[in-house]
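Following: one structure in structure tokens, then a few remarks.
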Ligand code: F0G
């Protein structure tokens with residue numbers, strides 16, 4: 001049965017009109033975009049699920065805090081309000097604001113990554129992966145095997161495989177691992193949570209070898225709430241208590257505040273190590289801005305200080321996670337294959353199983369994403385062969401990813417239940433005529449990060 005979900009713990013005070021343009025206009029719009037939803041104009045989209053990053057709705061408290069923003073270059077009141085929140089929730093000796101998550105990753109990598117070294121994680125997000133590589137490092141993904149089986153209902157599919165981690169450290173050598181990570185929730189693996197037990201064990205393993213442990217904390221509040229719901233011993237704890245315990249095992253974290261801190265821009269980097277912090281400060285001043293604003297306006301710091309607490313609010317999190325589960329339920333009822341159980345911020349449709357007649361090289365995920373736009377002006381993101389297929393450097397043979405997915409990322413506090421019903425109906429209509437769909441081919445594809453700007457043509 002489709003789970004229902006608790007009514008939104010907010011009411012709507014400001015609205016942003018959206019318009020469903022007619023089918024003929026959609027055909028023109030997607031042709032002009034080279035059949036790549038990234039190249040569509042946002043105003044031609046009815047429901048935009050491209051990302052949950054920076055797309056959330058700020059609250060009246062956040063907008064009010066923006067008016068209090070102190071734009072002093074150094075030592076602004078806004079910085080100290082953010083510091084109070086960051087100290088209270090995360091408890092590290094030092095922190096700096098950054099303009100978004102990848103800026104924090106860039107600075108951390110600039111300071112700690114040396115050419116040839118390795119950085120293990122459950123799964124690195126693309127920007128973390130790319131920032132480590134950009135400094136000559138090698139990211140390694142050591143998530144449990146269950147993560148690769150879409151149907152496996154494991155409650156913490158984001159967990160690190162401890163045996164793989166131990167073997168990796170032994171093989172690579174402690175000297176070549178400047179720090180280790182874990183991503184909560186695991187976005188690259190379906191938005192799946194990591195258990196407290198696993199975070200604790202990963203920290204203990206890293207520390208046994210003297211390796212500093214950093215958390216990629218973009219969706220830390222959703223992870224905390226999954227722990228409350230699913231892990232024995234946490235049902236009576238509040239999300240903030242759970243978050244505090246998660247971070248108590250780490251030596252630092254980097255974070256995109258555009259997700260669980262529900263701001264449109266911002267990030268954080270925090271750590272305990274004095275020497276590293278001095279280097280972080282110098283890098284920050286060089287690339288982002290002074291240590292008390294890190295590339296943001298004072299008002300952005302205030303919005304983040306308030307949003308950090310709102311993202312941990314229990315009523316909000318109960319609504320948030322069950323909203324995602326509700327949409328998953330509607331799709332599942334229509335026989336549409338998903339990564340199970342659904343993650344916190346997104347649903348990942350298994351386009352490979354929906355379109356078995358379209359081979360990897362004809363892009364089943366892209367086909368579904370384009371069809372969602374044509375059928376209902378919905379925008380979603382392909383996470384499959386367009387994003388990841390690459391030629392083997394030795395043989396030139398194409399290597400395709402295991403799964404062909406389409407991610408429906410749900411912006412925070414933005415869409416209502418009727419929007420979700422509309423999404424499920426639209427995708428259901430496509431599923432019923434899935435066997436008639438044909439794939440696509442590239443007409444242009446850049447070498448790196450090609451999904452952003454590639455262009456396509458439908459196959460006959
Ligand atoms: N880490 C994770 C786990 C992320 O999901 C993201 C961004 C980042 C780091 C980088 O943060 O965008 O603020 O620089 N994820 C977005 C997404 C873009 O759509 O999943 P950023």
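For (1) away from the ligand (no atom under 16 Å from the Cβ); (2) assigned to a loop (DSSP other than H, G, I, E, B); (3) in the same structural domain as residue 99 (by TED's automatic domain parsing), each residue gets a yes or a no:
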{"position": "237", "(1), (2), (3)": "yes, yes, yes"}
{"position": "241", "(1), (2), (3)": "yes, no, yes"}
{"position": "245", "(1), (2), (3)": "yes, no, yes"}
{"position": "255", "(1), (2), (3)": "no, no, yes"}
{"position": "262", "(1), (2), (3)": "no, yes, yes"}
{"position": "265", "(1), (2), (3)": "no, yes, yes"}
{"position": "269", "(1), (2), (3)": "no, no, yes"}
Those residues of region 21-67 which are touching a helix residue (DSSP H, G or I) at 6+ places or on another chain (Cβ under 9 Å), loosely packed, with under 14 Cβ neighbours inside 10 Å and outside any helix (DSSP H, G or I) amount to 41
Out of 118, 39, sole residue that is modelled with pLDDT of 95 or more, under 30 Å from residue 182 (Cα atoms) and in contact with a strand residue (DSSP E or B) (Cβ under 9 Å, 6 or more places away or on another chain) = 118
What single numbered condition from (1) closer than 30 Å to residue 322 by Cα; (2) away from the ligand (no atom under 16 Å from the Cβ) fails to hold for residue 37?
-> (2)
Would you pick out the residues in region 107-135 that are within 15 Å of the ligand (Cβ to nearest atom) and outside any helix (DSSP H, G or I)?
-> 119, 121, 122, 123, 124, 125
Got at least one residue in region 216-235 being within 16 Å of the ligand (Cβ to nearest atom) and over 20 Å from residue 319 (Cα atoms)?
-> yes
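So, in region 387-419, of the ones that are part of a strand (DSSP E or B) and within 22 Å of residue 336 (Cα to Cα), which residue ends up nearest to the ligand (Cβ to nearest atom)?
409
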Does at least one position in region 144-165 carry a residue that is within 15 Å of the ligand (Cβ to nearest atom) and farther than 29 Å from residue 337 by Cβ?
-> no
Which one is nearest to the ligand (Cβ to nearest atom) among residues in region 166-196 that are more than 22 Å from the chain's Cα centre (by Cα) and either farther than 18 Å from residue 111 by Cα or not assigned by TED's automatic domain parsing to the domain that holds residue 105 (or both)?
-> 168
Would it be correct to say that residue 226 is assigned by TED's automatic domain parsing to the domain that holds residue 161, in contact with a strand residue (DSSP E or B) (Cβ under 8 Å, 6 or more places away or on another chain) and either assigned to a helix (DSSP H, G or I) or in contact (Cβ under 8 Å) with a residue 60 or more places away in the chain (or both)?
-> no
Does any residue of region 90-106 turn out to be in a loop (DSSP other than H, G, I, E, B), closer than 24 Å to residue 225 by Cβ and over 18 Å from the mean Cα position of the chain (by Cα)?
-> yes
Can you give me the number of residues within region 332-353 that are touching a strand residue (DSSP E or B) at 6+ places or on another chain (Cβ under 9 Å) and more than 26 Å from residue 183 (Cα to Cα)?
-> 2
Kindly check whether there is at least one residue in region 393-407 that is at pLDDT below 95 and within 19 Å of residue 30 (Cβ to Cβ).
-> no
Taking region 420-451, which residues are more than 20 Å from residue 335 (Cα to Cα), without any contact (Cβ under 8 Å) to a residue 60 or more places away in the chain and not in a loop (DSSP other than H, G, I, E, B)?
-> 442
Restricting attention to region 290-310, which residues are assigned to a loop (DSSP other than H, G, I, E, B) and either in contact with a helix residue (DSSP H, G or I) (Cβ under 6 Å, 6 or more places away or on another chain) or without any contact (Cβ under 8 Å) to a residue 24 or more places away in the chain (or both)?
-> 291, 292, 294
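The values are calculated or read from the model by the stated rules, or taken from the named source; none is laboratory data. Note that the coordinates shown come from a computational prediction; the quantities given were computed from them, not determined experimentally. So basically every Cβ, Gly included, is an ideal-geometry build from the backbone, and we count neighbours across all protein chains shown.
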